[in-house]
1. Among L215, L263, L278, L191, which is the only one that is farther than 26 Å from D44 by Cα and among the hydrophobic types (A, V, I, L, M, F, W, C)?
2. In the list K255, K232, which residue meets the criterion of being over 22 Å from S156 (Cα atoms), touching a residue at least 60 places away in the same chain (Cβ under 8 Å) and surrounded by 13 or more Cβ atoms within 10 Å (Cβ to Cβ)?
3. What strands (runs of 3 or more DSSP E), lying completely within the stretch 1-56, carry at least 3 residues that are among the charged types (D, E, K, R)?
4. Looking only at the stretch 74-122, which residues are touching a Lys or Arg at 6+ places or on another chain (Cβ under 8 Å), in a strand (DSSP E or B) and among the aliphatic types (A, V, I, L, M)?
5. Just checking, which of K64, K54, K43 is farther than 20 Å from S100 by Cβ, at pLDDT 95 or above and of a type outside the set (F, W, Y)?
6. Restricting attention to the stretch 238-252, which residues are modelled with pLDDT of 95 or more, more than 18 Å from the chain's Cα centre (by Cα) and of a type outside the set (S, T, Y)?
7. So, in the stretch 9-46, exactly how many residues are out of contact with any Asp or Glu (no Cβ under 6 Å at 6 or more places or on another chain) and either among the polar types (S, T, N, Q) or closer than 16 Å to T107 by Cα (or both)?
8. Does E53 qualify as being touching a strand residue (DSSP E or B) at 6+ places or on another chain (Cβ under 9 Å) and surrounded by fewer than 22 Cβ atoms within 10 Å (Cβ to Cβ)?
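The values are calculated or read from the model by the stated rules, or taken from the named source; none is laboratory data. For clarity, every value in this text was computed on a predicted model and none was experimentally measured. Cβ placement follows ideal geometry from the backbone for every residue including glycine, while neighbour counts extend to all protein chains displayed.
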Amino acid sequence: MIREKNFVLQGKHNKPILTDVYYKPSHTPKPIVVFCHGYKGFKDWGAWDLVAEKFAEEDFFFIKFNFSHNGGTPEEPIDFPDLEAFGNDNYSKQLDDLQSVIDWILTTKEFSSDADVRKLNLIGHSRGGGIVLLKSAEESAVKNVITWAGVSDFESRFPTGDKLAQWKKNGVYYIENTRTKQKMPHYIQFLEDFEANKERLTIEKAVRNLEIPYLIVHAEADTSVSIEEAEKLKEWNTKNTTYYIEKSNHVFNTKHPWTKPSLSEELNDVTAKSINFLIEKR
């Protein structure tokens, strides 16, 4: 198996997009899967490497990447040394980053014999689920989309009331990263970009307009993104397939770092279900 890690792609926003590629070299074109991490996430989080290997073993061309403004750097891709970048992240930039990755894989000659550009699929976890849904509605190259614990709405995640007023007054608010204990900034541009691009960034609109197969995977006991959000996604589009997991958390009973040699039972189940879904849609 080929594991090419930490390609540096140049996107539209003057920050590198760090990218991994997993595949079995056979000179036979394989369906492409692009995976998007979630909020305060990164491509090397927890068991994502093992997920990539599972897909590659089943003859998929698997790509995962760090959003350009996720706070990591090429030198330190796992933690968040660039908090200034994190503070200047927004949903529009993430959509542009994903498009840069798609454009790269659709045009590069390096993988042309192993990647089938006619079969592009997207998977997103948590906030990344919202991003892949928006991109699937605007990029005709996408053939199937899967959300793992995906969000149904971005607007409701912004502060309201006094917290919103304070954010606008100060221009920044901070949230603690429970793992690294960093105070991670959100600059007011995050909200301003959403308000300026609200039509493009409304997940409900994107889901209602989807005309491709869509798999919704969600844990019933998810406390970070509730099962009610999955129910909304299901309601908005009749072309979906829904898979609910009874006993699991938001990250399918994994954590970071993940030192075990295999996936958790729950994440293995999620991965297998997603692979089978994409095989059926080939």
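1. Of the residues listed, the single one that is farther than 26 Å from D44 by Cα and among the hydrophobic types (A, V, I, L, M, F, W, C) is L191.
2. So the residue among K255, K232 that is over 22 Å from S156 (Cα atoms), touching a residue at least 60 places away in the same chain (Cβ under 8 Å) and surrounded by 13 or more Cβ atoms within 10 Å (Cβ to Cβ) is K255.
3. Values: elements: 2-10, 16-23, 30-36.
Ranges flagged: 2-10.
4. A115, L120, L122
5. K54 is the lone residue from the list that is farther than 20 Å from S100 by Cβ, at pLDDT 95 or above and of a type outside the set (F, W, Y).
6. I245
7. Result for the stretch 9-46: 9.
8. When the stated conditions are applied, E53 passes them.
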